[in-house]
Each structure stands twice: as structure tokens, then as C-alpha cells.
Amino acid sequence: MTSLEDKFEESKKLGLQIVRETEDDRLMTLSVGPQHPGSGHFRFTIKVDGDYIVYCDPDPGYVHRGEEKMCEYRNVIQNIPHLERPVIHDSNNITYSYSLAIEELVGIEVPRRGQYIRALASELNRQVYTLYWLAIYGIFLGHSTMFMWPTGDRELFIDLLEALTGARVTHAFNIPGGVRNDIPDGFKDRCVRQVRYFQKRLKEYEDIFYNMPLFRQRTEGVAVLSKEDAVKLGVAGSVVRASGIPYDIRKAEPYDIYNEIDFKVQYMKTGDCFARSYVPFLDMKESCYIIEQLLDKMPQSGEVRAKLQPNPKGPPGEAYRRVESGRGALGYYVVSDGTPKPYRVKISVGSFRNMLALPYLLVGQKLADMPAVYWSLNYWPVEADR
Amino acid sequence: MATYPQNFRFGEFVGSLIWLILWILIIVTLVGLPLIFIVLFYIPLPPIGNQVLTPYLFLTMMVDPSRTIPIIHQLMTTDLFRVAMFPGFTYAALIAAVTIFVERKFLAKMQLRIGPLYAGKIEGIFQLIADGLKLIAKEIIVPSGADKPMFWAAPIMFVSTAAAVVALIPAAPGYVVADTDVGLLAVFAILGFFPLIALLFAWASNSKYPFIGGLRALHQMIAFEIPFILSALSVVILSGTLNLTGIVDSQIQSYWFIFFLPISAFVFYISSLAELERIPFDLPEAESEIVAGWLTETSGMIYGLLQLGSYVKTYALAALFVVLFLGGWAGPMVFPPQIQTPIINIAPLYDQQAANATLWFTLKTFGVIMLMLLPRGISPRIRIDILLHTGWYKLIVLAFINIFVALALIYGGILGPGGLLVR
């Protein structure tokens, strides 16, 4: 039988820096997660002085699955279904840059219609991801209607993706060389109709959530991330755009057909919690226009997939390609040694870089703002752990 | 997507009801009657309405139900009926139960959902019973290191304190458990116990998140107690009495006080939302911030009792709003002076004034409860510094403005004894 005292002495010998709380301590240590309703598969320890957070220590890794190592034992096509597992509700984007990198290694050109369908699926999936994110943001602030509405409207895009790919969440649609299959009959009309309806709903979201005075009071001026700090910390996606830097991979280094699409990079200058929560919403609005353009400009017929040999392999070499996902730049660094299996695959995700900003932003905030700041960072724990 | 129960048949539903009634009849005849006879033979009962309840009289009652009416009439004048039935705990608990169901359906419609559907076949009306059975069946987990007597006592104290508030509220003329001259003062005195219970339970849980929740509850309730009392004070100035029945009477003599004191009614409404810990003031139970606040370590029926208590409290505060601002039971007469019933003549039990008063009081209370449920669908949670700022700076100022309005009405000779608007 080891008592608590013995365990404590043992942990001291092991060199663990465990500090015990005493009754007259001014600081209280709180462990947030992984079973806390406001954390997800993620844990961070915070210390509070009264209502103020004075220290924050993120501790990711609860959902590490070794995706990168798994890639080394499968050939490039077999890798696709398991690579989308980190973000199953944004699975077209996470396989997009992988396909781009493999295409560069193998040296194949995707047909134009295939490129358009790819971009269309990726935009639809971005909406699914952002709606899910918005729903969680609503419930984190205690707004239960804002949890139910986006989760319901998410079905619009999930239905479209189901018609397009055959699966509701894990599509495995992007493959090296193009997409798996062509779009079904009548898809364009249905897509336009549902996107129009969704644009009306977005106005209602703005009325009930973003224009609500209580929401504004809670988020405006909270946890400001300045432009300089955003650059120093290397945050990505909506977080960097909320700090006044209009950086979007779709504009900065256009992939596939994104240089033929006319769209604006949405950004805000304040860098506070409100800006970080509003930029994804603006992205959703812009995405609706992109979807309509893609449907208009798409070639009416043609191949959607380039012919590939059964076990595609390229010459020894390396490739790095990235796309703009729901959470920022998502890049793949693939090294090939000339065999069908990749020698090394490294996934670079926006989530992890955004998580690094958490300790800097949380210190000095109130305990009540902890979920608002945490989720405004557009962080998906499973993707960060990979 | 299955939106409606597939196997619903109206005939089956009626059939099951008839079977249920048959079984109840059989059980009553085989078990209930012998039991009652044993009791009546061996225990002498006091005479009710000049009659001693003997087995013979009881049998005649079974044959001719109209003979029970004097006894029911006698029972309705006892204190036990007031405490246990109307306007006491049963009435409050019934309204609380209906509130829970209506809240779930109402919120579901607002959020484009369906809400409870399957339990009870018709729109899930028995969902609450199912939830209650589940809570009773669950294990009650007491955290190690918890202060056990306090941990067990707090939920019971919470419900009984909520019921104590109900006891002071008049629901119809003459129907009030405790008709004291300091009724309003007593209500606020009892409401002052709630932060204490929350903090004691939080401390007894021996856990960090409940403790933070308890402290939040304390801060919040103290910040809103003062505007709460001040807003009710302007009503006292207008009516000149602390007796709740007297307040209703003075509104019947003039007009409802909400027309003179709209700001006060608004302050009272906001403060009662904070007192009830409802969204946007549910900081003590803020789920995403501090797990479940001071309710984190509750489980099973302890949670059930605390929920029941909070809904009884909702009824009590809504009823208080009706009494103070909406004229209590006042309303146009809709019932006939006499009623004729075909088989059993229940005319001696029927009181036109009381029936009308109950109807209007229940309708108004329900309206106020719906108004209290509404913010849950449209509002996010407020932060504690904004909450304290609202309580200490804004609501107190508004309440004071309305005290001056009330004083001006009294000294201007518009209301009060011999005022212009007093009928």
C-alpha cells in the first residue's frame, strides 16, 4: 500500500516538478480537460488568481494516432482513407494537399474538370467544418440556439457531399490524379438552391449571434493578438487573418484553378476574440460565392481523373504542397525513395500552430473567457495530435 | 428520418387506457376496500360535518357519491389542503412539471428541433416521468472527503426553502397558506437562504469547480438581491402594505401596478432571472467554463431534487411577479354563478370567485414563466464582471428612479388613499 504521501515522495525522486497546493495558497490550479466539457480531446492546466488566469500550460497528445508513421507502411493510394481521420468533417481538404504532393512526385496532370470538382468538394467541406466549429463556439458561450442551428444547416452540405461522394463525413474523394467519380445528374441545381437558402440563414445567424449585445460585450477587446505577435507566433488561417494580415493560401500560392476564381480574402484588424470568431463566418459567406462561380465555370464534360498505374511511384525525390483548410495552411511534405510506399510523410497543420498561441492569449484573461478564447483559435485537437 | 412514432394507433391508445382503468378498478376492489375497512373498524375518526365516518357511511358513499361532497368540502377548508394541495406544494409541483415539458418543447421549436417525442405516445408528454424514474434508479455518488451530512441535507433544504416561498403566495382570495402582514418581507428573507445553501453544498462537495460555482452564486445573488428588493419597494409604497393579499386588493381597487411602474417590473424580471440562475445569468452552473458549477458532484436523485427545487422557485418568483405587478387573480368573470352537473351535484363545492381567481392567476403565472424561458433561446451567457456591473450600477439606479415615480404618484394624489385613480 502506497499512500498519497509516498507517491508524492516517489514522484519527487523521479524529478517530476509537482507543486502541492496548500490551504493559504493564493493561486488555484485547475485542470481543464480531457473530460472537461469545454476542452475536447485536449488538456491544459491553468492557474487562477481569483477570477484571473495567471498561467496556462497546454498538454496535447491525448489523441495521437501516429498517422505519419502509418503512411510509411502503405502505398500512396491506401494512405488516403486513414489520412482523413484526424479531421473527418474536413476530409476533402486534408487529403487535397496530400494528393497535390503525390501528383508532383509522380508527375501527372489532373484534368480541368477534375480540378474544378476537387475545388468544389473542398469548398463544400470547408462549410461543413466551419458550421461545426461555429456550433461549438455557440454552446461554449452558453448560446444553445447557436449550437442547434449550424448543426442542422450542416446537413445541407453533408447531403450535397453525400450525393457527390457517397459518404456523409469520410469521403476519400481526392485521390492522386483527380477525384474518384464525376458529379451526379441534377447536382448543380440542387447545389445552387441549397447554397441560396444557406445564404439567407447566414443573415439570421448574424442577427441572433454576432449582433447580440451580450455576445459583443463578452468578446470585443478580449485576448487581443496584435499583428506583430501573430507573425512571431506563426499562427495560421482565420486567426492570422483576424489580426489584420490578409494571408490565404488560395490567394498567396494558388493551387489548381483557384487563380481563375474571383474572391476576396476576408480579414479584420482588431485581433480580438470577436474578430477571430467573425472571420470564419465571413469566410463562409465568401465560400458561397466561390461555390457558385465554380459551378458556372466548370467544363461541361471531360475526364475527372488522370490515368494512373496500379501502384503509382515516382522517381526518388521530395515534394511539399499546401492548401487552405478550415483551420489555415495544411501542408504535406512527402519524401519518396522510388518505391510505391512513401519514405516519409510529414503533415503540417494549422491547428498545432494556433494552439501555441493559447498560453500567450489566456494569461490575464478571466476564467469565464477561457472557452471563448480557446475555441476562437480554430483549434482541432485531433488534427494537432495527428 | 423517423419523425413520428410509426406504430401509433388512436384505437390502441384508447384501448390501453381502458385496460388501465380496468386494472385500477380490480386492484381497488380487491386490495383497497379491505384495507379501508380494516382502518375504519379499528381507528376511530373524528366526526366530519356532524357525521362519524363509519364503515356503513363509507359503503353508502360508494353507492351514492354525492354523500362524499360534505366531506370534501370539509377537507378543502383545512390547513392540510392548503399546504399539500392548493395553493401549496402539489399545485406548485404540477406547474413546475408542466414548465419543464413546455420549456423543452418551446425551446425545441425555437431551435428547429422536435424535442421529446416518444415517451407517452403523444408528443412525449411522459418524458418527465421517464426522466424522474431514471434519476431515481441511478446511483448517488458522494465524493470522497465530502462533508456528508451537509451534502445530503442541501438538496432537501433547497426544495423545502423553495416550497416555503410558495407558502406565502396567495393564489386566490382566501387561498394562501400563511397570510402574514409581513408577507413580502418574509419572501425576501426566505430567498436569502438560497446563496447560503448553494455555497454550503459547493463547500461540502470538496471539489474545485463546485467551489468556484458556489462563490459565483453568492456574488450573483447578493448583487441582484438589492435591486430585487428595491423594485418591490416601489410597489409597497403604492399599495401601502407588505401583505401580499393586500397588495392584490389595492390593485383591484385601482389598476395593475405594471402600468405605473414598468421600469420596476423590468428590474424585477431581470433580477428574478439572476435569482433563478437562468440563461443569461446561469454563471453558477456555466457548463463550458466550470463543468456544472455547484452542481458538478450531484448525481441521481440529489440532482433531481435540486432541479425540482429550481423549477418550484421559478413558479414562486413568477407568481410573485403576478401578485406584485399584474394584479394577482384580478380578471374578468368567465364562470357562471351556479353550475348544474348531470349525475353528481357538485354545487356546494363550487365557488365562482375562487374558480375565476384560480384561472386568471394560473394563466398570468404561465405567461410570466414563458417570458422567463424565452432568454434561454436567444441569449449567450453573460460574464461575471458585466453581471456585477449590471446589478450594482444599472439596476439599482433604475429601481431608485421608480421609487421616486411611486412617491410622486402618491404625493401627487393620483394613487394612494383617496387618489384620483382609486375606484
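Throughout, read-outs are computed from the coordinates displayed, never taken from laboratory work. The structure presented is a predicted model; accordingly, all values stated were derived computationally and were not measured. When we count neighbours, we look across all protein chains shown, and the Cβ atoms used for this are built from the backbone with ideal geometry, even at glycine.
Worth pointing out:
- Choice from A:Arg74, A:Arg353, A:Arg327 showing the highest fluctuation, given a GNM over chain A with Cα pairs closer than 10 Å: A:Arg74
- Mean-square fluctuations from a GNM of chain A, with a 10 angstrom spring cutoff on Cα atoms, peak among A:Phe42, A:Phe215, A:Phe281 at A:Phe215.
- What separates the Cα centres of the stretch B:219-253 and the stretch B:180-196 is a distance of 12 Å.
- Mean per-residue shielding of peptide A:130-140 is 1, counting Cβ atoms of other chains within 10 Å of each Cβ.
- Total charge dipole magnitude, the protein assembly as shown, about the Cα centre, Cβ charges on Lys, Arg, Asp, Glu only, Debye to nearest 20: 1300 debye
- Rg/Rh for the stretch A:74-362 (Cα atoms only, Rh after Kirkwood) is 0.97.
- Inter-label distance for A:Glu68 and A:Glu318, nm, one decimal - labels placed 7 Å from Cα along Cα-to-Cβ: 1.2 nm
- Each peptide among B:403-411, A:219-227, B:34-42 gets the average number of other Cβ atoms lying within 10 Å of its residues, and from highest to lowest they stand as A:219-227, B:403-411, B:34-42.
- Counting only other chain Cβ atoms within 10 Å of each residue's Cβ, the peptide A:142-154 averages 5.
- Candidate lysines - alpha carbon under 16 Å from A:Lys366, same-chain residues fewer than 8 apart omitted: A:Lys47
- Annotation: for a label point projected 7 angstrom from Cα along Cα→Cβ of A:Arg201, residues of the stretch A:265-294 with backbone N closer than 18 Å are A:280-292.
- In this structure the amide hydrogen of A:Val54, modeled in the peptide plane, comes within under 5 Å of the amide hydrogens of A:Lys47, A:Val48, A:Asp49, A:Gly364, none closer than 5 places in sequence on its chain.
- One Cα centroid belongs to the stretch B:15-85, the other to the stretch B:335-360; the line between them spans 22 Å.
- Each peptide in B:323-329, A:58-64 gets a packing score, the mean of other Cβ atoms within 10 Å over its residues, and the list from highest to lowest is B:323-329, A:58-64.
- The label point for A:Lys264 and the one for B:Leu25, both projected 7 Å from the Cα toward the Cβ, are 7.6 nm apart.
- Computed from backbone phi, the HN-Hα couplings of the stretch B:63-72 come to 6, 10, x, 5, 6, 6, 4, x, 5, 4 Hz, rounded to whole numbers (Karplus: 6.51 cos²θ - 1.76 cosθ + 1.60, θ = phi - 60°; Gly and Pro given as x).
- Of the residues A:Tyr205, B:Trp294, A:Leu160, the one whose Cα sits farthest toward the positive end of the charge dipole of the protein assembly as shown, with +1 on the Cβ of Lys and Arg and -1 on the Cβ of Asp and Glu, is A:Leu160.
- The stretch A:74-362, relative contact order in percent, only Cα pairs under 8 angstrom and at least six apart counted: 27 percent
- Nearby aspartates and glutamates by direct alpha-carbon distance to B:Lys109 (threshold 19 angstrom, same-chain neighbours under 8 apart not counted): A:Asp153, A:Glu155, A:Glu204, A:Asp207, B:Glu123
- For the stretch A:74-362, the number of Lys pairs with C-alpha atoms closer than 14 Å, counting only pairs eight or more positions apart or on separate chains, is 7.
- Vicinal HN-Hα couplings computed from phi for the stretch A:328-345 (Karplus, 6.51 cos²θ - 1.76 cosθ + 1.60; Hz; Gly/Pro x): x, 4, 10, x, 10, 10, 10, 10, 10, 10, x, 9, x, 8, x, 6, 7, 10
- For chain B, the Cβ-based charge dipole about the Cα centre amounts to some 660 debye (Lys, Arg positive; Asp, Glu negative; other atoms uncharged).
- The three principal axes of the C-alpha atoms in the stretch A:285-361 carry coordinate ranges of 49, 39, 15 Å, sorted with the longest axis first.
- The separation of the stretch A:97-173 from the stretch A:368-386, counted between C-alpha centres, amounts to 19 Å.
- Cα pair count fraction exceeding 21 Å, expressed as % - the stretch B:206-323: 46 percent
- Computed from the Cβ-Cβ distance with R0 of 51 Å, the FRET efficiency linking A:Arg190 to B:Asn206 stands at 0.35.
- 10 Å Cβ neighbours from other chains, averaged over peptide B:369-379: 3
- In this label model, B:Asp79 and A:Asp57 are separated by 6.1 nm, measuring between points 7 Å along each Cα→Cβ vector.
- Unit charges at the beta carbon, dipole of the protein assembly as shown: most positive-side option, B:Leu135, A:Asn93, B:Leu57: A:Asn93
- Proximity of backbone amide H atoms, modeled 1.01 Å from N, is registered between B:Gly328 and B:Val323 at under 5 Å, excluding neighbours fewer than 5 places apart on the same chain.
- Charges were assigned to the Cβ only: +1 to each Lys and Arg, -1 to each Asp and Glu. The resulting dipole of the stretch A:42-144 about its Cα centre is roughly 340 debye.
- Sorted by Cβ neighbour density within 10 Å, fewest at the top, the residues A:Thr130, A:Thr339, B:Thr68: A:Thr339, B:Thr68, A:Thr130
- Sequence-distant residues sharing a close amide H with A:Tyr343 (under 5 Å, placed H): A:Val335, A:Ser336, A:Asp337
- HN-Hα J in Hz across the stretch B:293-304 - Karplus 6.51, -1.76, 1.60, θ = phi - 60°, x for Gly and Pro: x, 6, 9, 4, 8, 7, 8, x, 6, 4, 4, x
- Ranked by how many other Cβ atoms sit within 10 Å of their own Cβ, fewest first, the residues A:Lys264, B:Lys313 fall in the order A:Lys264, B:Lys313.
- Neighbour-count ranking [beta-carbon atoms within 10 angstrom, fewest first] of A:Asp337, A:Asp90: A:Asp337, A:Asp90
- Long hydrophobic helices in chain A: the complete DSSP H runs spanning 27 Å or more by Cα along their own axis with mean Kyte-Doolittle hydropathy of at least 0.0 are A:112-140, A:144-165, A:273-297.
- Per-peptide average of other Cβ atoms within 10 Å, ordering A:27-34, B:280-287 highest first: B:280-287, A:27-34
- Listed residues A:Ile136, A:Gln217, A:Tyr258: farthest to the positive end of the dipole of the stretch A:74-362 (Cβ charges): A:Ile136
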